[in-house]
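Here, each number is a calculation from the coordinates, and none is a lab measurement. As the structure is a computational prediction, the values presented were derived from the model and not from experiment. For neighbour counting, all protein chains shown are included, and Cβ atoms are generated from backbone atoms with ideal geometry for every residue, glycine included.
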């Protein structure tokens, strides 16, 4: 009997040993929702590459995902919750132009587009020695026109095509790529076109946008001395935003469409991007920033409120940030005036004159937010009363090409990502790049 028990114990020890032993060439499987624990520890890791930085985001356990691209091939770098390099993989399945990236507890989601910079060229007609009229913006929600003898044509910018949503798990395995109606345009503020919800679902924002400038006009050329525009047709009826609530498999739970969206200013010579359009989420709300107004939804798709609707022809919402219980958004009046507003999640105004300097700003813990102050070279964490409660000075690393991002990690730590190059002495300076990923803690 004793011999049998000893044998069982030895077999158990052997079983445990074999299961704990890890092949050094095997990628470590680490799912944040089950195995990893976020920790506040400092670390510096350098990843050498020949690809160029596209975007980065956090994982739910306090790690980092970096997306890069070279010769139209995307690759992902995963940094684990200790701040150490874990793996890098290329993905031929990701096609098009990056528009957004987010993560859930067990996967990475990336949105891309293909047809996004479509321009129709409308050349003026008739005898027009003195130029023609063109629209330069919107005043009181109506286009206004100016005279020019410089530009021979009007450029109509529009968004067309589809959005591709790609899912990759935390072991670097490609899961799927699905196509959705409406296109996504990468905005200037690196805000999301796809964002994760607390239950593992996703919010996705896409566009069908056909511009605000005249799509048809007639030149009255009967008067050779002063030809002028006789008729202008102007419409935003086809400008639509699609808000999708998706499950983790890319299935549509519900969809909302918002009609007649617009922007105030345009470019005559080049594509003018659809800036200030993005989606943000927290544990109970989905908000979409629509350039000059904000819509707040709950997880079931019920519209809670619309903010700034009465002033949407006068103010541009430059940025918004969704915290646990509050929404902060900064508005700038066309040509002058600016202020920042705090509301609760029902849209009630808490503070209409909130003053702060934000850059690379993101939610931190609860109702705190983290941001980079370029004037002081500090990463700060502030509370909802704008009190700085944590601060740390950031040092640039020699020969760096650019400061890429700050990413919150745990309750007292964050990452900085900087991209540099190795100069090989050639005329171009070489193409060997590297990232310095530094996990830092507030002292």
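The table that follows gives values for the structure above.
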item	result
Packing-based ranking, highest mean first, of 362-375, 409-422 given that Cβ atoms within 10 Å are counted	409-422, 362-375
Residue order, fewest to most beta carbons within 10 Å, for 435, 360, 339, 297	339, 360, 297, 435
Extended-chain gain in nm, criterion 0.36 nm per residue less alpha-carbon gap, residue 52 and residue 71	5.9 nm
Length-normalised contact order for region 276-372 - Cα pairs under 8 Å, 6+ apart - percent	18 percent
Using a Förster distance of 60 Å, the FRET efficiency for residue 171-residue 337 (Cβ separation, nearest 0.05)	0.75
Fully extended contour minus Cα-Cα distance, from residue 252 to residue 43, at 0.36 nm per residue	71.2 nm
